[in-house]
Amino acid sequence: MIVTSTAFLALLSGVAAQTQYTSTAASAVAAARATALTLSPTSNVPGKTFDRFVQIWLENVDYSVAIADPNLAYLASQGISLTNYIARTHPSQPNYVAVVGASRHGITDNNFRRVDSSIKTIVHLLEDKGVSWSVYQEDQPYSGFQGNYKNQLTGADAYVRKHNPLMSFDSVTSSTTRLAKCKNFTMFDRDLSSNKLPQWMFLTPNMTNSGHDTSVSFAGKWARNFIVPLLSNPNFNIPRTLVMLTFDEGSYEGNNQIYAVLLGSAVPTSKRGTTNSTEYGHYSVIKTVEDNWGLGNLGQNDVGERAFF
Ligand SMILES: *[C@@H]1O[C@H](CO)[C@@H](O)[C@H](O)[C@H]1NC(C)=O
Ligand SMILES: *[C@@H]1O[C@H](CO)[C@@H](O)[C@H](O)[C@H]1NC(C)=O
Ligand SMILES: *[C@H]1O[C@@H](CO)[C@H](O)[C@@H](O)[C@@H]1NC(C)=O
């Protein structure tokens, strides 16, 4: 986290919708927890190749390092490993922005940034077609929270705004119903057990589990322990579910090639354990989703991009 709190507050001042839900004071968090709207929309819009799409992002490792981890290698053996997947840029934040906005929208750092309210994201296109969505962020203290949040016992960074793909977009944060779909992992567990998961979702583990503040082996272990049970959970891996496990970016030394694996029931048995060396990147993800549900496009780098299928 690089933002100073004064800079953060200065940027926030004077804009009602973007000034709510930022305080980390215990009393403010407790009050917001009690009142913040949470929504768990569902839908059943058939797609061309999949009916549910789940992205899970880990942090900051080159492809060669990730694929050498035994747990990440195991997961790759269970699906289609994309062996020429290139992250967009450095550092983290513009990659997260790119995968929902099909552009970095001028963001080049991890600071508190806001994208103009006229700018749409993939979730706007999904809404237009009635495809339900939610973002799940581990340790976000309540739905719609817009700050950064530390572990309250240890003071370690837990949830960070820069790893939440939608939070930089004013078109999201100015909407109560969109904020209500930016939820935490408690809500993921609840939506899963009550069979209320949406058709499109993006999951970010906390700074420990993503590997950001630990290691690739820690993140690999977390990912395997998290994903394998989900693949045999009928509320999660419904027919035609596509799960993508990847990273935001590689190291600064490499060419930004990262690990990316497609899992889930939408991957035919014959394709499990295969590799695909076509070049893809974060914009391919948006294009794939747009093609799948006939969403049109954002008029950004998604136009003319290559889809996975
Ligand atoms: C997750 O969000 C929900 C809904 O806002 C909230 O009630 C719950 O306390 C949060 N869980 C944690 C662990 O912060
Ligand atoms: C991240 O979540 C795990 C549980 O999944 C927890 O054990 C760990 O303490 C969390 N990290 C931080 C910094 O709070
Ligand atoms: C990757 O390979 C290309 C070229 O053979 C195919 O056109 C794609 O359909 C394939 N995609 C996946 C996800 O396997």
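Each reported figure results from applying straightforward, stated rules to the coordinates on display, with no laboratory input. In this text, all values refer to a predicted model and were calculated from it rather than measured experimentally. Virtual Cβ from ideal backbone geometry, glycine too; neighbours counted across all protein chains shown.
General observations
- Among Ser117, Ser43, Ser27, residue whose mean-square fluctuation peaks in a GNM of the chain (springs only between Cα atoms under 10 Å): Ser27
- Selected from Thr177, Gly106, Phe226, residue furthest toward positive end of dipole (the chain; charges at beta carbon): Thr177
- Shape of segment 216-302, Cα gyration tensor, a/c cut at 1.5: oblate
- Unit charges at the beta carbon, dipole of segment 5-293: most positive-side option, Asn209, Ile286, Val45: Val45
- Highest-fluctuation residue, Val267, Val243, Val97 considered, GNM on the chain with Cα pairs under 10 Å: Val267
- Around the Cα centre of the chain, unit charges on the Cβ atoms of Lys, Arg, Asp and Glu (plus for the first two, minus for the last two) sum to a dipole of about 620 debye.
- With contacts taken as Cα pairs under 8 Å and at least 6 residues apart, segment 157-309 reaches a relative contact order of 13 percent.
- Flagged links, alpha-carbon separation over 28 Å, of Lys129/Lys271; Lys221/Lys287; Lys48/Lys181: Lys129/Lys271; Lys221/Lys287
- GNM flexibility winner over the chain from Val160, Val216, Val65 (Cα, springs under 10 Å): Val65
- Normalising the average separation of contacting C-alpha pairs (under 8 angstrom, six or more residues apart) by the number of residues puts the relative contact order of the chain at 33 percent.
- Translational D in µm²/s for the chain (Stokes-Einstein at 20 °C, 1.002 mPa s, Kirkwood Rh from C-alpha pairs): 111 µm²/s
- Taking Cα atoms only, the orientation of helix 282-293 departs from the longest principal axis of the chain by about 80 degrees.
- Mean ellipticity per residue at 222 nm, deg cm²/dmol - from DSSP H runs of n ≥ 4 across the chain, formula -39500 (n - 2.57): -8500 deg cm²/dmol
- Distance between segment 278-309 and segment 53-83 - C-alpha centres, whole angstrom: 21 Å
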